[in-house]
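One structure is given here, and the rest of the page talks about it.
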Amino acid sequence: GEDVEQSLFLSVREGDSSVINCTYTDSSSTYLYWYKQEPGAGLQLLTYIFSNMDMKQDQRLTVLLNKKDKHLSLRIADTQTGDSAIYFCAEIPGNYGQNFVFGPGTRLSVLP
Amino acid sequence: EAGVTQFPSHSVIEKGQTVTLRCDPISGHDNLYWYRRVMGKEIKFLLHFVKESKQDESGMPNNRFLAERTGGTYSTLKVQPAELEDSGVYFCASSRVAGELFFGEGSRLTVL
């Protein structure tokens with residue numbers, strides 16, 4: 001099966017940058033995604049990147065994609081306490097139709 | 001526009017009982033998906049409807065799980081009889097086009 005891996009925990013101080021890393025397995029994935037889950041809430045699409053891109057920036061969020069190493073990262077600049085959540089990396093493998101494969105999620109804790 | 005809604009938000013049942021989870025997708029979205037996150041592990045795909053037809057049910061764990069989408073609108077996921085290992089959060093998602101999933105807040109199931 002396909003595996004998406006992430007570190008489970010990350011702690012940063014408010015105002016610092018956070019970098020959440022993800023490795024995926026299917027080089028034919030067309031889209032790669034970052035979802036955010038706040039406590040008691042559903043999954044919120046943060047951003048996604050096409051596999052033919054290597055970087056995408058959206059306000060405080062920067063996504064970097066290294067296709068050779070199958071590595072995806074999400075950088076949050078000026079991290080705020082409201083950014084505390086679980087961040088899931090996800091891919092749609094080439095042979096999986098429209099089915100997402102999620103990583104285990106990285107719990108980001110922002111310390112004051 | 002209303003998002004994906006799920007009911008109940010939390011259900012507590014005893015082993016052997018039956019639970020039915022409901023998902024109302026975003027109006028106009030033909031694609032409806034069920035995912036679940038068990039024991040804080042990865043979010044795993046269960047199945048995918050296109051309108052009222054099951055496009056892919058390869059993720060359904062066993063025959064205790066039954067999903068329906070009569071009329072191509074809302075969907076139900078029934079677990080009968082529930083086992084302890086079924087505890088987790090069941091997410092529903094809908095999409096109009098491939099690769100753009102909108103998730104509900106999830107239904108937390110606790111089996112005692």
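The values are calculated or read from the model by the stated rules, or taken from the named source; none is laboratory data. Predicted, not measured: the structure shown is a model, and the values here were computed from it. Positions of Cβ are generated from backbone atoms using ideal geometry, with glycine treated the same way; all protein chains shown enter the neighbour counts.
Step by step: first the residues of region B:62-72, then only those that are farther than 12 Å from residue B:34 by Cα and surrounded by 14 or more Cβ atoms within 10 Å (Cβ to Cβ), then the one that is nearest to the other protein chains (Cβ to nearest Cβ). Which residue is that?
Looking only at region B:62-72, we keep the residues that are farther than 12 Å from residue B:34 by Cα, and these are B:62-64, B:70-72.
Okay, now just the ones that are also surrounded by 14 or more Cβ atoms within 10 Å (Cβ to Cβ), so B:64, B:72.
Details: B:64: 21, B:72: 17 Å.
The residue in question is B:72.
Would you pick out the residues in region B:1-18 that are in contact with a Pro (Cβ under 9 Å, 6 or more places away or on another chain) and surrounded by 16 or more Cβ atoms within 10 Å (Cβ to Cβ)? The answer is B:4, B:5. The requirement of being part of a strand (DSSP E or B), within 10 Å of another protein chain (Cβ to nearest Cβ) and modelled with pLDDT under 95 is satisfied by residue A:33.
For region B:73-103, the set of residues classified as buried (at least 20 other Cβ atoms within 10 Å of the Cβ) and part of a loop (DSSP other than H, G, I, E, B) consists of B:82, B:101, listed by residue number. Just one of the numbered conditions (1) more than 11 Å from chain A (Cβ to nearest Cβ); (2) closer than 22 Å to residue A:4 by Cα is not true of residue B:77; which one? Answer for residue B:77: the failing condition is (2).
Applying the condition of being buried (at least 20 other Cβ atoms within 10 Å of the Cβ) and touching a Lys or Arg at 6+ places or on another chain (Cβ under 9 Å) to region B:32-44 and asking which residue is nearest to the other protein chains (Cβ to nearest Cβ) yields B:43.
Suppose we filter region B:71-94 for residues that are more than 12 Å from the chain's Cα centre (by Cα) and more than 15 Å from residue B:47 (Cα to Cα); how many remain?
The total comes to 10.
One residue stands out in region A:62-112 among those that are within 12 Å of the chain's Cα centre (by Cα), within 14 Å of another protein chain (Cβ to nearest Cβ) and more than 21 Å from residue B:102 (Cβ to Cβ): the one that is surrounded by the fewest Cβ atoms within 10 Å (Cβ to Cβ), namely A:107. Might you let me know whether region B:64-75 holds any residue that is charged (D, E, K, R), within 23 Å of residue A:35 (Cα to Cα) and touching a strand residue (DSSP E or B) at 6+ places or on another chain (Cβ under 8 Å)? So far as region B:64-75 goes, no, none of its residues is charged (D, E, K, R), within 23 Å of residue A:35 (Cα to Cα) and touching a strand residue (DSSP E or B) at 6+ places or on another chain (Cβ under 8 Å).
Of all residues in region A:14-30, those being farther than 22 Å from residue B:101 by Cβ and not in a loop (DSSP other than H, G, I, E, B) number 3.
Take residue A:111 and tell me if it is touching a Ser or Thr at 6+ places or on another chain (Cβ under 8 Å), in contact (Cβ under 8 Å) with a residue 60 or more places away in the chain and not polar (S, T, N, Q).
Details: touching a Ser or Thr at 6+ places or on another chain (Cβ under 8 Å): yes; in contact (Cβ under 8 Å) with a residue 60 or more places away in the chain: yes; not polar (S, T, N, Q): yes.
So residue A:111 passes the test.
Only one residue in B:37, B:69 is under 23 Å from residue A:105 (Cβ atoms), basic (Lys, Arg) and touching a residue at least 24 places away in the same chain (Cβ under 8 Å). Which one? Working first, answer last.
Numbers: B:69 fails: under 23 Å from residue A:105 (Cβ atoms).
The unique qualifying residue is B:37.
Restricting attention to region B:45-61, and to residues there that are farther than 22 Å from residue A:102 by Cα and among the charged types (D, E, K, R), which single residue is farthest from the other protein chains (Cβ to nearest Cβ)? Applying the filter and picking the extreme gives B:52.
Here is the figure for region B:26-68: residues that are under 22 Å from residue B:3 (Cα atoms) and among the acidic types (Asp, Glu) total 3.
Name the residue, out of A:57, A:44, that is surrounded by fewer than 20 Cβ atoms within 10 Å (Cβ to Cβ), within 14 Å of another protein chain (Cβ to nearest Cβ) and not in a loop (DSSP other than H, G, I, E, B).
Values: A:57 fails: within 14 Å of another protein chain (Cβ to nearest Cβ).
Going through A:57, A:44 in turn, just one is surrounded by fewer than 20 Cβ atoms within 10 Å (Cβ to Cβ), within 14 Å of another protein chain (Cβ to nearest Cβ) and not in a loop (DSSP other than H, G, I, E, B): A:44.
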